[in-house]
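Working notes, beginning with the structure itself.
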Amino acid sequence: MRAQTKSNKKASGGAYHKSRKKKVYELAGDFHPVKLAPSAKKILRTQGGNRKVRVLQADKAIVFPVGKVAKIITVKENAANPNFVRMNIITKGAVIETELGLARVTSRPGQHGLINAKLVEKK
């Protein structure tokens, strides 16, 4: 895993001397792709005893400006990775086809616990 800390290298290419090791709380989380399937969520305990809801699978999205919950039909486009379209993986910025039309995902499903999308093209 990668730590979310400053670089170990100077601009000149030399190395900074470490004063301590990496801490567990500095490590980045793993990528959990949100797949197009019947809804499934996971609740994680975060620092300070707080909770984070992570979507594992989803088949519905809240589409704005209509404000209705619409069924997701398929993933049409994903700038994060072109292969995500074939695998129907939903990330922020993905264009999804819903009952109401094409919509762009505005939330982070792995972080927020739901899928919000903004209507791009009506049916």
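The values are calculated or read from the model by the stated rules, or taken from the named source; none is laboratory data. Computed from a prediction, not measured in an experiment: that's the story for all the values here. Note: ideal-geometry Cβ built from the backbone for every residue, glycine included; neighbour counts use all protein chains shown.
Structure notes:
- Residues of segment 62-75 that are at pLDDT 95 or above and either hydrophobic (A, V, I, L, M, F, W, C) or surrounded by 15 or more Cβ atoms within 10 Å (Cβ to Cβ) (or both): ILE62, VAL63, VAL69, ALA70, ILE72, ILE73, VAL75.
- Counting only strands (runs of 3 or more DSSP E) that sit wholly inside segment 18-123, those with at least 1 residues that are farther than 28 Å from LYS6 by Cα and free of Cβ contacts under 8 Å to residues at least 12 places away in the same chain are 40-45, 68-77.
- Residue satisfying condition, being under 13 Å from the mean Cα position of the chain (by Cα) and among the hydroxyl-bearing types (Ser, Thr, Tyr), within set THR46, THR74, THR5, THR91: THR91
- Subset of segment 1-29 [closer than 28 Å to GLN111 by Cβ and either in contact with a helix residue (DSSP H, G or I) (Cβ under 6 Å, 6 or more places away or on another chain) or not basic (Lys, Arg) (or both)]: MET1, ALA3, GLN4, THR5, SER7, ASN8, VAL24, TYR25, GLU26, LEU27, ALA28, GLY29
- Selection within segment 79-106 - polar (S, T, N, Q) and crowded, with 17+ Cβ neighbours inside 10 Å: ASN88, THR91, THR98
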